[in-house]
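Peer 1: Please see the structure below; I have some questions.
The values are calculated or read from the model by the stated rules, or taken from the named source; none is laboratory data. Owing to the predicted nature of the structure, the values given are computational and were not obtained by experimental measurement. Don't worry about glycine lacking a Cβ; one is built from the backbone with ideal geometry, like all the others, and counts go over all protein chains shown.
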Amino acid sequence: MSLLGIMGAQFRRDLALVWKSGAAAPLGFFLGAAALTPLAVRPTTFDELDQLAQIGPQLLWIAAALAALLVLERLFQADLEDGSLDQMTLSAAPLEALVAAKAAALWVGVGLPIALAGAPAALALQAPPAAIPAIATGLAVGMAAFIGAGLVGAAAAASVKRGGVLIALLALPFFAPPFIFGAAAARAAVLGDPFGEAFALLCGIALAAAAIGPVAAAAALRLQAE
């Protein structure tokens, strides 16, 4: 089987697993956080509604980053427990390519639905309709960055029982750059200001995370398999 065929099989397997057991919790967390925010702020005047519209995109990014952490704990831990990691290590395809396929499946199964859910969530937070495409697109790119950066923490903590806290400690520092520029782009879109520069930096960070994350995660997994 060719490299693309092996990666495709890995992608389909992980996507099925994500949809079966892992997609509902982070999406529910994201939507729940967005729904609870107006209840906490309780806007009653036009000024308070405007304030909610300005802080809403940043709150969505906080919820998205925390939702990404929810799915990282079992990303490689299940493979280590059932022996799939050994099969991945012995596969004809490079381990880095298989890790990239797993990350792509996680983005399609979790990251993309969260980005799409960001549209109605942003409207609920009083964001102007004209800013919704920019907010949703930014969240899609940001989730790719979060997943790519989180691969390293997930791989390093694969052998640690209940390693969610360790993953958070390892991954959150790398979440900061996409969070900063993604939230800045979303806020600029809400205010009607140019957001292209912040969005371009976010895309660059996401590409770097997608390129470096699988390589670093594969190195950590090889140590786990030994």
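Peer 1: Only one residue in 164, 118, 111 is small (Gly, Ala, Ser) and in contact with an Asp or Glu (Cβ under 8 Å, 6 or more places away or on another chain), so which one is that? Explain how you work it out, then say what you get.
Peer 2: On the way: 118 fails: in contact with an Asp or Glu (Cβ under 8 Å, 6 or more places away or on another chain); 111 fails: in contact with an Asp or Glu (Cβ under 8 Å, 6 or more places away or on another chain).
Going through 164, 118, 111 in turn, the sole match is 164.
Peer 1: Can you pull out the residues in region 152-166 that are without any contact (Cβ under 8 Å) to a residue 12 or more places away in the chain and crowded, with 23+ Cβ neighbours inside 10 Å?
Peer 2: None; the set is empty.
Peer 1: For residue 156, indicate whether it is of a type in the set (Gly, Ala, Ser) and closer than 22 Å to residue 55 by Cα. Full working, then the answer.
Peer 2: Values: of a type in the set (Gly, Ala, Ser): yes; closer than 22 Å to residue 55 by Cα: no.
Considered against the rule, which asks whether it is of a type in the set (Gly, Ala, Ser) and closer than 22 Å to residue 55 by Cα, residue 156 comes out as no.
Peer 1: Does residue 131 meet the test of being in contact with a Leu (Cβ under 7 Å, 6 or more places away or on another chain), modelled with pLDDT under 90 and on the phi < 0 side of the Ramachandran plot? Spell out how you get there, then give the answer.
Peer 2: Working: in contact with a Leu (Cβ under 7 Å, 6 or more places away or on another chain): no; modelled with pLDDT under 90: yes; on the phi < 0 side of the Ramachandran plot: yes.
Against the criterion (in contact with a Leu (Cβ under 7 Å, 6 or more places away or on another chain), modelled with pLDDT under 90 and on the phi < 0 side of the Ramachandran plot), residue 131 does not qualify.
Peer 1: Are any residues in region 167-202 crowded, with 19+ Cβ neighbours inside 10 Å and farther than 15 Å from residue 64 by Cβ, and if so, which ones?
Peer 2: The answer is 167, 170, 188, 189, 190, 195, 198, 199.
Peer 1: Further, regarding this structure: Go through the residues of region 193-209 one by one and say whether even a single one is of a type in the set (Phe, Trp, Tyr) and out of contact with any Phe, Trp or Tyr (no Cβ under 9 Å at 6 or more places or on another chain). Talk me through it step by step, then tell me what you get.
Peer 2: Step one: list which residues in region 193-209 are of a type in the set (Phe, Trp, Tyr), which gives 195, 199.
Applying the additional criterion that residues be out of contact with any Phe, Trp or Tyr (no Cβ under 9 Å at 6 or more places or on another chain) yields 195.
Yes, that holds for at least one residue.
Peer 1: Also, quick follow-up: In the set 116, 36, 90, which member is at negative phi, at pLDDT 90 or above, of a type in the set (A, V, I, L, M, F, W, C) and exposed (fewer than 15 other Cβ atoms within 10 Å of the Cβ)?
Peer 2: Working: 36 fails: at pLDDT 90 or above; 90 fails: at pLDDT 90 or above.
On inspection, the qualifying residue turns out to be 116.
Peer 1: Residue by residue through region 199-216, note down the ones that are of a type in the set (A, V, I, L, M) and under 16 Å from the mean Cα position of the chain (by Cα). Walk me through how you get there before you give the answer.
Peer 2: Quick first cut of region 199-216, residues of a type in the set (A, V, I, L, M) only: 200-202, 205-212, 215-216.
Across region 199-216, the qualifying residues are 202, 205, 206, 207, 208, 209, 210, 211, 212.
Peer 1: Then there is this: Scanning for something of a type outside the set (Ser, Thr, Tyr) and more than 21 Å from residue 54 (Cβ to Cβ), does region 120-128 turn up at least one residue? Quick ask: steps written out before the conclusion?
Peer 2: Taking region 120-128 and keeping what is of a type outside the set (Ser, Thr, Tyr), we get 120-128.
Checking which are more than 21 Å from residue 54 (Cβ to Cβ) leaves us with none.
No, because not a single residue in region 120-128 is of a type outside the set (Ser, Thr, Tyr) and more than 21 Å from residue 54 (Cβ to Cβ).
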